[in-house]
Amino acid sequence: MSQSIRFLASLISTLAFTVTCLADAIPQERLDRLDAKLEQWQTEYKIPGLAIAVIHDDQPILMKGYGLADIKSERPVTPETIFAVGSTTKAFTSGLIAMEIDQGVMAWDDPITKFLPEFQLQIETDDPDAKVLMTDLLSHQTGFTRMGLLWAGGLANDKLIMETAIAAEPLAPFRKRFLYNNVMYMVAGQGLAQAAGQTWSDLVKSKIFMPLGMNSSSTSIKEAQKDSRLATGYYWNDEKSIFQAVPMRDLFSVAPAGAINSNVKDMAQWLRLQLGKGQVNGTRLIDAARFDEMWEGRITIAGKTEYGLGWMVHNQGDDLILEHGGNIDGFAASVAIRPQDGLGYVLLCNVSATPLQGMYESLFDLLLEDQSDEEGA
(Lines give C-alpha, C1' and ligand atoms only; values in the text may rest on other atoms or scores of the structure.)
Protein backbone atom coordinates (compact mmCIF):
# COMPACT_ATOMS: atom_id res chain seq x y z
CA MET A 1 0.00 0.00 0.00
CA SER A 2 1.41 3.40 -1.00
CA GLN A 3 2.07 6.13 1.57
CA SER A 4 -0.72 8.30 0.13
CA ILE A 5 -3.26 5.48 0.47
CA ARG A 6 -2.09 4.77 4.02
CA PHE A 7 -2.44 8.45 4.86
CA LEU A 8 -5.94 8.57 3.34
CA ALA A 9 -7.01 5.44 5.25
CA SER A 10 -5.63 6.93 8.47
CA LEU A 11 -7.46 10.21 7.83
CA ILE A 12 -10.77 8.44 7.17
CA SER A 13 -10.31 6.38 10.36
CA THR A 14 -9.56 9.54 12.38
CA LEU A 15 -12.60 11.36 10.97
CA ALA A 16 -14.83 8.36 11.68
CA PHE A 17 -13.54 8.21 15.26
CA THR A 18 -14.12 11.95 15.69
CA VAL A 19 -17.67 11.73 14.37
CA THR A 20 -18.36 8.76 16.71
CA CYS A 21 -17.02 10.70 19.71
CA LEU A 22 -19.11 13.74 18.83
CA ALA A 23 -22.19 11.57 18.40
CA ASP A 24 -21.60 9.95 21.78
CA ALA A 25 -20.74 13.19 23.57
CA ILE A 26 -22.97 14.31 26.42
CA PRO A 27 -24.78 17.48 25.25
CA GLN A 28 -23.83 20.73 26.96
CA GLU A 29 -27.43 21.30 28.08
CA ARG A 30 -27.21 18.17 30.25
CA LEU A 31 -24.01 19.40 31.85
CA ASP A 32 -25.66 22.78 32.43
CA ARG A 33 -28.63 21.00 34.00
CA LEU A 34 -26.38 19.06 36.38
CA ASP A 35 -24.46 22.24 37.19
CA ALA A 36 -27.68 24.06 38.10
CA LYS A 37 -28.90 21.12 40.16
CA LEU A 38 -25.67 20.96 42.15
CA GLU A 39 -25.99 24.66 42.99
CA GLN A 40 -29.56 24.03 44.11
CA TRP A 41 -28.69 20.92 46.14
CA GLN A 42 -25.72 22.59 47.81
CA THR A 43 -28.12 25.09 49.39
CA GLU A 44 -31.08 22.75 49.82
CA TYR A 45 -29.09 20.01 51.59
CA LYS A 46 -27.10 22.46 53.70
CA ILE A 47 -23.64 21.71 52.37
CA PRO A 48 -21.01 24.43 53.00
CA GLY A 49 -19.07 23.43 49.90
CA LEU A 50 -18.69 20.66 47.37
CA ALA A 51 -16.67 19.78 44.30
CA ILE A 52 -17.40 17.43 41.44
CA ALA A 53 -15.48 15.86 38.58
CA VAL A 54 -17.29 13.99 35.81
CA ILE A 55 -15.40 11.75 33.38
CA HIS A 56 -16.88 10.54 30.10
CA ASP A 57 -15.01 8.55 27.47
CA ASP A 58 -11.75 9.11 29.36
CA GLN A 59 -12.14 12.91 29.36
CA PRO A 60 -13.17 15.34 32.12
CA ILE A 61 -16.42 16.98 31.00
CA LEU A 62 -17.20 18.83 34.23
CA MET A 63 -14.86 19.83 37.06
CA LYS A 64 -16.10 22.51 39.38
CA GLY A 65 -16.40 23.70 42.97
CA TYR A 66 -19.49 25.13 44.70
CA GLY A 67 -19.82 27.04 47.95
CA LEU A 68 -17.16 27.54 50.59
CA ALA A 69 -14.16 25.47 51.64
CA ASP A 70 -13.97 27.58 54.79
CA ILE A 71 -16.88 29.65 56.05
CA LYS A 72 -14.90 31.97 58.30
CA SER A 73 -12.46 33.10 55.62
CA GLU A 74 -15.02 32.74 52.81
CA ARG A 75 -12.52 30.69 50.83
CA PRO A 76 -14.35 29.14 47.85
CA VAL A 77 -14.25 25.50 46.84
CA THR A 78 -12.33 24.81 43.62
CA PRO A 79 -11.37 21.54 41.89
CA GLU A 80 -8.08 21.84 43.82
CA THR A 81 -9.74 21.91 47.26
CA ILE A 82 -8.73 18.93 49.39
CA PHE A 83 -11.25 16.82 51.29
CA ALA A 84 -11.10 13.59 53.28
CA VAL A 85 -12.55 10.91 50.98
CA GLY A 86 -13.32 8.41 53.76
CA SER A 87 -14.37 4.91 52.78
CA THR A 88 -13.96 5.48 49.06
CA THR A 89 -10.39 4.56 50.07
CA LYS A 90 -11.49 0.92 50.23
CA ALA A 91 -11.45 0.57 46.43
CA PHE A 92 -7.82 1.75 46.48
CA THR A 93 -6.98 -1.07 48.88
CA SER A 94 -8.66 -3.71 46.71
CA GLY A 95 -6.96 -2.16 43.67
CA LEU A 96 -3.55 -2.50 45.29
CA ILE A 97 -4.24 -6.14 46.09
CA ALA A 98 -5.24 -6.62 42.44
CA MET A 99 -1.81 -5.27 41.46
CA GLU A 100 -0.08 -7.79 43.71
CA ILE A 101 -2.23 -10.56 42.22
CA ASP A 102 -1.01 -9.49 38.78
CA GLN A 103 2.55 -9.89 40.07
CA GLY A 104 1.83 -13.37 41.46
CA VAL A 105 2.45 -12.20 45.01
CA MET A 106 -1.10 -12.78 46.29
CA ALA A 107 -4.44 -14.32 45.30
CA TRP A 108 -7.97 -13.22 46.17
CA ASP A 109 -8.56 -16.61 47.79
CA ASP A 110 -5.46 -16.52 49.97
CA PRO A 111 -6.32 -16.95 53.66
CA ILE A 112 -5.35 -13.90 55.69
CA THR A 113 -3.32 -16.19 57.97
CA LYS A 114 -0.91 -16.76 55.08
CA PHE A 115 0.31 -13.20 55.68
CA LEU A 116 -0.78 -12.61 59.29
CA PRO A 117 -0.61 -16.05 61.00
CA GLU A 118 -1.74 -14.58 64.32
CA PHE A 119 -5.01 -13.21 62.92
CA GLN A 120 -7.25 -16.16 63.80
CA LEU A 121 -10.85 -14.91 63.75
CA GLN A 122 -13.38 -16.96 65.70
CA ILE A 123 -15.80 -17.36 62.81
CA GLU A 124 -19.17 -19.09 63.20
CA THR A 125 -19.29 -21.98 60.75
CA ASP A 126 -20.03 -25.72 60.55
CA ASP A 127 -17.10 -26.20 58.18
CA PRO A 128 -14.03 -27.15 60.23
CA ASP A 129 -11.78 -26.34 57.27
CA ALA A 130 -13.20 -22.86 56.60
CA LYS A 131 -10.63 -20.07 56.42
CA VAL A 132 -11.06 -16.31 56.27
CA LEU A 133 -9.93 -15.33 52.79
CA MET A 134 -8.85 -11.95 51.49
CA THR A 135 -12.18 -11.75 49.63
CA ASP A 136 -14.07 -12.28 52.89
CA LEU A 137 -12.33 -9.30 54.48
CA LEU A 138 -12.82 -7.13 51.38
CA SER A 139 -16.54 -7.92 51.03
CA HIS A 140 -17.61 -7.56 54.68
CA GLN A 141 -18.84 -11.13 55.13
CA THR A 142 -16.80 -12.38 58.08
CA GLY A 143 -19.82 -12.17 60.40
CA PHE A 144 -18.26 -9.50 62.64
CA THR A 145 -19.89 -6.11 63.05
CA ARG A 146 -18.25 -2.69 62.83
CA MET A 147 -15.84 -2.73 65.82
CA GLY A 148 -15.77 1.07 65.72
CA LEU A 149 -14.81 1.34 69.39
CA LEU A 150 -11.45 -0.23 68.60
CA TRP A 151 -10.28 2.61 66.36
CA ALA A 152 -12.54 5.67 66.69
CA GLY A 153 -10.71 7.00 69.76
CA GLY A 154 -7.47 7.22 67.79
CA LEU A 155 -5.35 5.77 70.62
CA ALA A 156 -4.89 2.11 69.64
CA ASN A 157 -2.48 1.15 66.88
CA ASP A 158 -3.25 -1.48 64.25
CA LYS A 159 -1.43 -4.25 66.14
CA LEU A 160 -3.49 -3.72 69.30
CA ILE A 161 -6.70 -3.50 67.26
CA MET A 162 -5.97 -6.84 65.57
CA GLU A 163 -5.09 -8.49 68.88
CA THR A 164 -8.40 -7.32 70.31
CA ALA A 165 -10.46 -8.19 67.22
CA ILE A 166 -9.54 -11.88 67.29
CA ALA A 167 -11.05 -12.12 70.76
CA ALA A 168 -14.43 -10.87 69.52
CA GLU A 169 -17.50 -13.05 69.00
CA PRO A 170 -19.27 -12.94 65.63
CA LEU A 171 -22.71 -11.42 65.24
CA ALA A 172 -23.65 -13.61 62.26
CA PRO A 173 -22.54 -16.88 60.65
CA PHE A 174 -19.56 -16.75 58.32
CA ARG A 175 -20.44 -15.58 54.75
CA LYS A 176 -24.14 -15.35 55.53
CA ARG A 177 -24.67 -11.64 56.24
CA PHE A 178 -23.25 -8.31 55.07
CA LEU A 179 -21.75 -6.54 58.09
CA TYR A 180 -19.70 -3.45 57.26
CA ASN A 181 -16.39 -3.54 59.10
CA ASN A 182 -13.51 -1.06 58.79
CA VAL A 183 -11.21 -3.20 60.94
CA MET A 184 -11.39 -6.05 58.43
CA TYR A 185 -10.26 -3.66 55.67
CA MET A 186 -7.36 -2.56 57.84
CA VAL A 187 -6.43 -6.23 58.30
CA ALA A 188 -6.61 -6.80 54.53
CA GLY A 189 -4.32 -3.80 54.08
CA GLN A 190 -1.88 -5.19 56.63
CA GLY A 191 -1.90 -8.54 54.86
CA LEU A 192 -1.17 -6.71 51.61
CA ALA A 193 1.71 -4.84 53.25
CA GLN A 194 3.24 -8.07 54.55
CA ALA A 195 2.98 -9.72 51.13
CA ALA A 196 4.41 -6.73 49.25
CA GLY A 197 7.09 -5.82 51.78
CA GLN A 198 5.97 -2.17 51.97
CA THR A 199 3.54 -0.24 54.13
CA TRP A 200 0.04 0.32 52.79
CA SER A 201 0.69 4.08 52.60
CA ASP A 202 3.89 3.61 50.60
CA LEU A 203 2.09 1.25 48.23
CA VAL A 204 -0.71 3.76 47.61
CA LYS A 205 1.80 6.49 46.87
CA SER A 206 4.16 4.47 44.66
CA LYS A 207 1.62 2.35 42.77
CA ILE A 208 -1.38 4.66 42.43
CA PHE A 209 -0.74 8.30 43.34
CA MET A 210 2.56 8.67 41.47
CA PRO A 211 1.66 6.79 38.25
CA LEU A 212 -1.66 8.65 38.00
CA GLY A 213 -0.18 12.05 38.83
CA MET A 214 -2.31 12.37 41.97
CA ASN A 215 0.16 14.84 43.44
CA SER A 216 -2.30 16.52 45.82
CA SER A 217 -3.37 13.26 47.51
CA SER A 218 -2.13 11.89 50.81
CA THR A 219 -2.83 9.21 53.39
CA SER A 220 -2.34 11.18 56.61
CA ILE A 221 -4.11 14.16 58.11
CA LYS A 222 -0.76 15.66 59.16
CA GLU A 223 0.25 15.93 55.52
CA ALA A 224 -3.19 17.19 54.47
CA GLN A 225 -3.25 19.84 57.19
CA LYS A 226 -0.03 21.36 55.86
CA ASP A 227 -1.83 22.19 52.62
CA SER A 228 -3.63 25.55 52.48
CA ARG A 229 -6.14 24.03 50.05
CA LEU A 230 -7.61 21.71 52.71
CA ALA A 231 -11.31 22.32 53.34
CA THR A 232 -12.64 22.80 56.85
CA GLY A 233 -15.05 20.03 57.80
CA TYR A 234 -18.49 20.88 59.23
CA TYR A 235 -21.72 19.42 60.47
CA TRP A 236 -25.09 21.16 60.35
CA ASN A 237 -26.44 22.00 63.82
CA ASP A 238 -30.18 21.89 63.24
CA GLU A 239 -31.05 23.32 66.67
CA LYS A 240 -28.93 26.42 66.15
CA SER A 241 -29.31 26.50 62.34
CA ILE A 242 -25.56 26.92 61.88
CA PHE A 243 -22.60 25.01 60.51
CA GLN A 244 -20.14 23.97 63.19
CA ALA A 245 -16.53 23.13 62.39
CA VAL A 246 -15.40 19.57 63.17
CA PRO A 247 -11.78 18.51 63.86
CA MET A 248 -10.41 15.98 61.38
CA ARG A 249 -10.25 12.43 62.69
CA ASP A 250 -6.90 10.66 62.40
CA LEU A 251 -7.45 7.26 60.75
CA PHE A 252 -3.83 6.09 60.99
CA SER A 253 -4.82 2.84 62.73
CA VAL A 254 -7.33 1.77 60.06
CA ALA A 255 -5.82 3.66 57.12
CA PRO A 256 -6.65 1.07 54.39
CA ALA A 257 -10.32 1.52 55.26
CA GLY A 258 -10.56 5.28 54.82
CA ALA A 259 -7.48 7.48 55.27
CA ILE A 260 -7.04 9.10 51.84
CA ASN A 261 -7.33 12.87 51.42
CA SER A 262 -7.65 14.19 47.88
CA ASN A 263 -9.36 16.61 45.52
CA VAL A 264 -11.60 16.04 42.51
CA LYS A 265 -8.78 16.90 40.11
CA ASP A 266 -6.75 13.97 41.42
CA MET A 267 -9.73 11.66 41.90
CA ALA A 268 -10.63 12.19 38.24
CA GLN A 269 -7.46 10.25 37.44
CA TRP A 270 -8.67 7.42 39.68
CA LEU A 271 -11.97 7.44 37.76
CA ARG A 272 -10.07 7.17 34.48
CA LEU A 273 -8.21 4.12 35.81
CA GLN A 274 -11.52 2.47 36.78
CA LEU A 275 -13.30 3.25 33.52
CA GLY A 276 -10.22 2.21 31.56
CA LYS A 277 -10.18 -1.10 33.44
CA GLY A 278 -6.64 -0.58 34.63
CA GLN A 279 -5.20 1.43 31.74
CA VAL A 280 -4.53 5.18 31.65
CA ASN A 281 -2.70 7.11 28.93
CA GLY A 282 -1.64 3.87 27.25
CA THR A 283 -0.06 2.49 30.44
CA ARG A 284 -1.59 -0.56 32.09
CA LEU A 285 -1.44 -0.57 35.90
CA ILE A 286 -3.93 -3.40 36.59
CA ASP A 287 -4.98 -6.32 34.42
CA ALA A 288 -8.50 -5.80 33.03
CA ALA A 289 -9.62 -9.18 34.38
CA ARG A 290 -9.14 -7.96 37.94
CA PHE A 291 -11.95 -5.41 37.49
CA ASP A 292 -14.51 -8.08 36.68
CA GLU A 293 -13.44 -9.77 39.92
CA MET A 294 -13.58 -6.56 42.00
CA TRP A 295 -16.95 -5.60 40.50
CA GLU A 296 -18.56 -8.99 41.09
CA GLY A 297 -21.23 -8.94 43.80
CA ARG A 298 -20.06 -11.19 46.63
CA ILE A 299 -22.80 -10.79 49.22
CA THR A 300 -26.25 -9.21 49.22
CA ILE A 301 -26.65 -5.94 51.10
CA ALA A 302 -30.36 -5.46 50.41
CA GLY A 303 -32.66 -6.10 47.45
CA LYS A 304 -30.55 -6.20 44.28
CA THR A 305 -27.63 -4.34 45.84
CA GLU A 306 -24.52 -6.39 46.56
CA TYR A 307 -21.02 -5.69 47.81
CA GLY A 308 -18.02 -6.53 45.68
CA LEU A 309 -14.40 -5.86 46.62
CA GLY A 310 -14.45 -2.22 47.70
CA TRP A 311 -17.58 -1.38 45.69
CA MET A 312 -21.35 -1.35 46.13
CA VAL A 313 -22.69 -3.22 43.10
CA HIS A 314 -26.08 -2.30 41.60
CA ASN A 315 -26.68 -4.67 38.71
CA GLN A 316 -29.94 -4.78 36.79
CA GLY A 317 -29.23 -6.65 33.59
CA ASP A 318 -27.16 -4.46 31.33
CA ASP A 319 -27.53 -1.51 33.71
CA LEU A 320 -24.52 -1.64 36.05
CA ILE A 321 -23.64 1.04 38.60
CA LEU A 322 -20.67 0.72 40.92
CA GLU A 323 -20.40 3.21 43.73
CA HIS A 324 -19.13 3.81 47.23
CA GLY A 325 -19.63 6.54 49.75
CA GLY A 326 -17.27 7.86 52.38
CA ASN A 327 -18.14 9.59 55.64
CA ILE A 328 -15.79 10.84 58.30
CA ASP A 329 -16.07 13.77 60.71
CA GLY A 330 -16.84 16.86 58.62
CA PHE A 331 -16.53 15.21 55.20
CA ALA A 332 -18.65 13.17 52.81
CA ALA A 333 -17.65 11.61 49.50
CA SER A 334 -19.20 9.63 46.69
CA VAL A 335 -17.53 7.85 43.77
CA ALA A 336 -19.76 6.24 41.13
CA ILE A 337 -19.24 4.75 37.69
CA ARG A 338 -21.31 3.30 34.86
CA PRO A 339 -18.71 1.24 32.97
CA GLN A 340 -21.04 0.49 30.05
CA ASP A 341 -21.38 4.22 29.37
CA GLY A 342 -17.75 5.15 30.05
CA LEU A 343 -19.15 7.54 32.64
CA GLY A 344 -18.25 8.28 36.24
CA TYR A 345 -18.09 11.03 38.81
CA VAL A 346 -16.53 11.88 42.15
CA LEU A 347 -18.33 14.19 44.55
CA LEU A 348 -16.57 15.61 47.63
CA CYS A 349 -18.28 17.67 50.35
CA ASN A 350 -17.17 19.32 53.60
CA VAL A 351 -20.12 18.15 55.69
CA SER A 352 -20.35 14.93 57.71
CA ALA A 353 -23.16 13.40 55.64
CA THR A 354 -25.46 14.41 52.78
CA PRO A 355 -28.33 12.87 50.77
CA LEU A 356 -26.26 13.52 47.64
CA GLN A 357 -24.22 10.43 48.42
CA GLY A 358 -27.19 8.20 47.69
CA MET A 359 -28.34 10.06 44.60
CA TYR A 360 -26.06 8.39 42.05
CA GLU A 361 -29.01 7.34 39.87
CA SER A 362 -30.32 10.92 39.78
CA LEU A 363 -26.92 12.32 38.84
CA PHE A 364 -26.47 9.78 36.07
CA ASP A 365 -30.01 10.40 34.80
CA LEU A 366 -29.28 14.12 34.53
CA LEU A 367 -26.30 13.30 32.31
CA LEU A 368 -27.81 10.53 30.23
CA GLU A 369 -31.49 11.34 29.80
CA ASP A 370 -33.34 14.17 28.09
CA GLN A 371 -35.65 15.74 30.65
CA SER A 372 -37.97 18.70 30.23
CA ASP A 373 -38.40 21.45 32.78
CA GLU A 374 -41.94 20.19 33.35
CA GLU A 375 -40.54 16.87 34.57
CA GLY A 376 -38.67 18.65 37.35
CA ALA A 377 -35.25 18.45 35.76
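Only residues that are at positive phi and open to solvent by 60 Å² or more (accessible area, probe 1.4 Å): list them for the stretch 265-301, please. Selection gives Lys277, Asn281, Gly282.
Would you tally the residues in the stretch 305-351 being more than 13 Å from the chain's Cα centre (by Cα), among the polar types (S, T, N, Q), at pLDDT 95 or above and part of a strand (DSSP E or B)? Going through the stretch 305-351 one residue at a time, the tally reaches 1. For the stretch 146-186, the set of residues classified as within 18 Å of Ala255 (Cβ to Cβ) and outside any helix (DSSP H, G or I) consists of Arg146, Met147, Trp151, Ala152, Gly153, Gly154, Leu155, Ala156, Asn157, Tyr180, Asn181, listed by residue number.
Checking each residue of the stretch 143-152 against the condition of being β-branched (Val, Ile, Thr), buried (at least 20 other Cβ atoms within 10 Å of the Cβ) and within 27 Å of the chain's Cα centre (by Cα) gives no match.
Quick one: is Ala245 closer than 24 Å to Gln42 by Cα, hydrophobic (A, V, I, L, M, F, W, C), surrounded by fewer than 18 Cβ atoms within 10 Å (Cβ to Cβ) and in contact (Cβ under 8 Å) with a residue 40 or more places away in the chain? When the stated conditions are applied, Ala245 passes them. Among the residues of the stretch 241-270, not one is part of a strand (DSSP E or B) and among the basic types (Lys, Arg). Reported count of residues in the stretch 163-202, each being closer than 27 Å to Asn261 by Cβ and either crowded, with 20+ Cβ neighbours inside 10 Å or small (Gly, Ala, Ser) (or both), is 19. Where residues in the stretch 40-57 are touching a Phe, Trp or Tyr at 6+ places or on another chain (Cβ under 6 Å) and either in a loop (DSSP other than H, G, I, E, B) or free of Cβ contacts under 8 Å to residues at least 40 places away in the same chain (or both), which of them is farthest from Leu366 (Cα to Cα)? My answer is Pro48.
Taking the listed residues Ser262, Ser216, the one that is modelled with pLDDT of 95 or more and either open to solvent by 20 Å² or more (accessible area, probe 1.4 Å) or at positive phi (or both) is Ser216, with no other qualifying. Total residues in the stretch 118-142 satisfying the condition of being surrounded by fewer than 13 Cβ atoms within 10 Å (Cβ to Cβ) and touching a Phe, Trp or Tyr at 6+ places or on another chain (Cβ under 6 Å): the figure is 0. Counting the residues of the stretch 187-240 that are closer than 17 Å to Asp102 by Cα, out of contact with any Ser or Thr (no Cβ under 8 Å at 6 or more places or on another chain) and either part of a loop (DSSP other than H, G, I, E, B) or among the hydrophobic types (A, V, I, L, M, F, W, C) (or both) gives 5.
From the list Thr125, Thr145, Thr113, which one is modelled with pLDDT under 95, of a type in the set (Ser, Thr, Tyr) and farther than 30 Å from Gly344 by Cβ?
Thr145
The values are calculated or read from the model by the stated rules, or taken from the named source; none is laboratory data. Every value quoted in this text rests on a predicted model; they were computed, and no experiment measured them. Virtual Cβ from ideal backbone geometry, glycine too; neighbours counted across all protein chains shown. Just so you know, the surface numbers come from the protein's heavy atoms only, side chains and all, with ligands and any DNA or RNA stripped out. Shrake-Rupley method; radii C 1.70, N 1.55, O 1.52, S 1.80 Å.
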